[in-house]
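Where a number appears in this text, it was derived from the coordinates with a stated rule and is not lab data. Everything numeric in this text was worked out from a predicted model, so none of it was measured. Here the Cβ positions follow ideal geometry from the backbone for every residue, glycine too, while neighbour counts run over all protein chains shown.
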Amino acid sequence: MDASDPTQLSASCVQLLGLLSAEQLAEASVLILFNKIDLPCYMSTEEMKSLIRLPDIIACAKQNITTAEISAREGTGLAGVLAWLQATHRAND
Ligand SMILES: Nc1nc2c(ncn2[C@@H]2O[C@H](COP(=O)(O)OP(=O)(O)OP(=O)(O)O)[C@@H](O)[C@H]2O)c(=O)[nH]1
């Protein structure tokens with residue numbers, strides 16, 4: 001999700017709900033990234049999460065869902081993404 005552009009939030013939410021309801025992805029581990037946190041935004045990521053009712057989505061989803069806030073440009077939060085990938089890969093071995 002683009003953390004710098006709340007106007008894309010509803011489209012991202014619809015895409016997310018589509019992915020989470022796909023039969024083939026019922027067993028998947030899901031990492032939701034709020035990218036571009038280096039850019040200024042009039043809404044905080046906490047406000048965006050609340051607006052799309054992300055806590056409810058996570059509570060109702062079959063999947064194990066993690067969220068992270070990152071800047072792909074500046075590298076912020078990418079160590080956590082790598083750690084999540086490694087842990088998830090290990091758990092699926
Ligand atoms: N400032 C900043 N720019 C980024 C970041 N990640 C990607 N971009 C830039 O955003 C532009 C679009 O890249 P993406 O977000 O990968 O592509 P996209 O999702 O198809 O495009 P948008 O929806 O317009 O963002 C490129 O110029 C990237 O360099 C980030 O964390 N911070």
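As a length-normalised measure over Cα pairs under 8 Å and 6 or more apart, the relative contact order of the chain settles at 32 percent. Take every DSSP beta bridge whose two residues both sit in the chain; close to 10 percent of them are antiparallel.
Comparing Gln63, Gln15, Gln24 in a Gaussian network model of the chain, where Cα atoms under 10 Å apart are tied by springs, the biggest mean-square fluctuation is seen for Gln24. The length gained on full extension between Leu51 and Thr67, counted as 0.36 nm times the residue separation minus their Cα-Cα distance, comes to 4.2 nm.
What are the semi-axes of the equivalent ellipsoid for the chain, taken as the square roots of 5 times the Cα gyration tensor eigenvalues, largest first, in whole Å?
That gives 22, 18, 10 Å for the three semi-axes.
Distant-in-sequence amide contacts of Thr66, defined by a placed amide H-H separation under 5 Å and a gap of 5 or more residues or a different chain, comprise Val30, Leu31, Ile32. Largest GNM mean-square fluctuation among Ser29, Ser71, Ser50, using the chain with Cα springs under 10 Å: Ser50.
Computed over the chain, the per-residue total of -39500 (n - 2.57) for DSSP H runs of n ≥ 4 gives a 222 nm mean residue ellipticity of -12500 deg cm²/dmol, rounded to 500. Going 7 Å from the Cα of Arg90 toward and past its Cβ, which residues in the stretch 57-76 have a backbone nitrogen under 11 Å from where you end up? Backbone N within reach: none found.
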